[in-house]
Each structure stands twice: as structure tokens, then as C-alpha cells.
Amino acid sequence: METLCIMCGKEAEQGGYTARIQEHVLRPLCGDCQHLCSKDPGQVLQAHAHLFASPASSSSSPTADTSPPFPQHGTATSRNSSSSSLHSNGTFVNRYRDLYRAASLLSGLGTTVKTSGIVVATVILFFWFIVGIATVSETSSSQFT
Amino acid sequence: MIIGVVFGALVGGLFFLLGILISAQGQLLMAHADSAVHTSPFLSDLERAAAMSLPYTAPATIGGAVG
């Protein structure tokens, strides 16, 4: 599966490299961009400011070993083109999307049926409870007449 | 009253059982898909997390090569 560099858009070999500038993790990168990140991170910060624009979990300390959450990678990847975004998020992910939809639908349907079963049981119980009360009151009132 | 309890329990129990069975089918399907996604060598952890709709935080490697 082809992986594209989020900086230059070229193909990243071996699944891509990772670089970290400030508290931002850049992934996947090609070898050249990874080298550039480790060599001159300031230039990368200036030239690719949009990659660092999203709010990272950086409020604590700049040296903290935290990395950005998953959606940030999606936004970083989607800057090249829609095709690269589609590719990284994926044909493979799409492969099971309908299966996951069907599974969650079935699971939700089951929960709905269970809930409606409890509701129906309660309604039946109340109905027969009211019928019982009415019968008892009618019987007791007919005894005195 | 007794009829109501028995009938309600019967109908509610049947519906509840049916709901459990339907839910179980859905969860089995999900487990199959999770297993397929997990064992695939063509996916990265990121893509696995995306497929399973799970939150993912990438392991931070300072200036190091991953693959």
C-alpha cells in the first residue's frame, strides 16, 4: 500500500518515517523530509506552518511526551490532495465499512427490541393490573347492592 | 393481576430474548470485522483504529524512523 509524505506528497518508503518538531508528530514522511525535519526543524516550521496549526495537546509542557490525537493526522494528511487523503484513510478501511455499519445496525436493533420488550411487558402488566382492580371493585360494590 | 404478570413476563421475556439474539449477531459481525482488521498486515495502527472507530494516539518517536 502506497504511503504519501504529508510534507512533499512523494511516496514514503517503508510505510513512512516519523519526525517530531516541538510537540507535533509528523507522519508519514519520506526520507528526505524526515532528514530535513531532524536537520532544520525551524525551516519546516516556517515552510509547513499549516501542519502545526491545529491545536495540539501542548498546554502542559513543550517537552512532555505527548502526541497529537488521531484526527490531527487526518487533517495533516488531507492537505496534499483529496486523493492522498482518500488513500491514507483508506480503501482498506472502506472495505469493511458496510460490515461495521450492518453490525452496529444489528446491535442497535437488538437493543431496541430488548427495550420495547420491557416496555410491552410493563404495559401488559399495567393493563391487567387495572382490569384486576376494576373487577375487584365491581365485585365488592355488587356485594353491597 | 396474575394473568397480567404471567403474560407480561412471557411477552417481555420473549422480546428481550429476541433482542439479545439480534444484538449478539451484530456483535459477532463486529468481532469478525475487528479480527479481520487486526490481523491484516496491510494496515497501520492508525488505519486499524480508524476502521474500528477507536481513538488513537500515535506513539511519539523523536526524529526516528518508523519503518
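Tabulated data
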{"item": "Residues being more than 7 Å from every other protein chain (Cβ to nearest Cβ) and either among the acidic types (D, E) or assigned to a helix (DSSP H, G or I) (or both) - total across region B:25-43", "result": "7"}
{"item": "Lone qualifier among A:L109, A:L125, A:L99 - being under 18 Å from the mean Cα position of the chain (by Cα), among the hydrophobic types (A, V, I, L, M, F, W, C) and at pLDDT 50 or above", "result": "A:L99"}
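The values are calculated or read from the model by the stated rules, or taken from the named source; none is laboratory data. Fair warning: this is a prediction, and the values are worked out from it, not measured in the lab. Note that each Cβ is placed from the backbone with ideal geometry, even for glycine, and that neighbours are counted across all protein chains shown.
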